[in-house]
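One structure is given below, encoded as structure tokens.
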Amino acid sequence: MLYYLSMNEAEHNSRIEKIAEVILSDNISLDEQKQNKLKKYHDLAKQNYGLDQDEASELVIEAFLYLKLKQAPDIDPLTKGDEFGAGFS
């Protein structure tokens with residue numbers, strides 16, 4: 001997460017929210033795994049924020065995770081985050 005170190009948390013969160021807005025407007029499943037469908041969001045992150053492929057993928061994953069957690073307000077991400085593949089448990 002190298003690019004994250006060069007920006008503040010508010011900017012990072014703003015980027016996640018902007019990608020999440022596009023995901024919602026496209027009405028794509030939050031469980032989507034097909035790379036050809038996710039390519040649009042990776043390309044958007046690369047073009048809008050000057051990220052490389054790995055950084056863009058990371059941002060898109062965070063956007064999907066953000067939307068999943070946002071839709072499940074009763075879930076504590078610190079105790080249930082591993083169910084989303086977030087890695088925090």
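The values are calculated or read from the model by the stated rules, or taken from the named source; none is laboratory data. Since we're looking at a predicted model, the values are computed, not measured. Please note: Cβ atoms are built from the backbone with ideal geometry, for glycine as well, and neighbour counts cover all protein chains shown. Remember, those area values only see protein heavy atoms, side chains included, never the ligands or the DNA or RNA. Shrake-Rupley method; radii C 1.70, N 1.55, O 1.52, S 1.80 Å.
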Note, the stretch 16-23: 3J(HN,Hα) by Karplus (6.51, -1.76, 1.60, θ = phi - 60°), whole Hz, Gly/Pro = x, goes 4, 5, 5, 5, 4, 4, 5, 4
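Please arrange Y66, Y41 by accessible surface area, largest first, computed with a 1.4 Å probe and ligands excluded. Provide the component values of the computation, followed by the final result.
Working: Y66 75, Y41 5 Å².
Descending accessible area places them as Y66, Y41.
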Straight-line reach check, K46, cutoff 24 Å on alpha carbons, 8 or more apart in-chain or any other chain, hits among lysines -> K18, K34, K37, K68
So for R0 = 35 Å, FRET eff. of N27-Q47 from the Cβ-Cβ r, to 0.05, ends up at 0.95
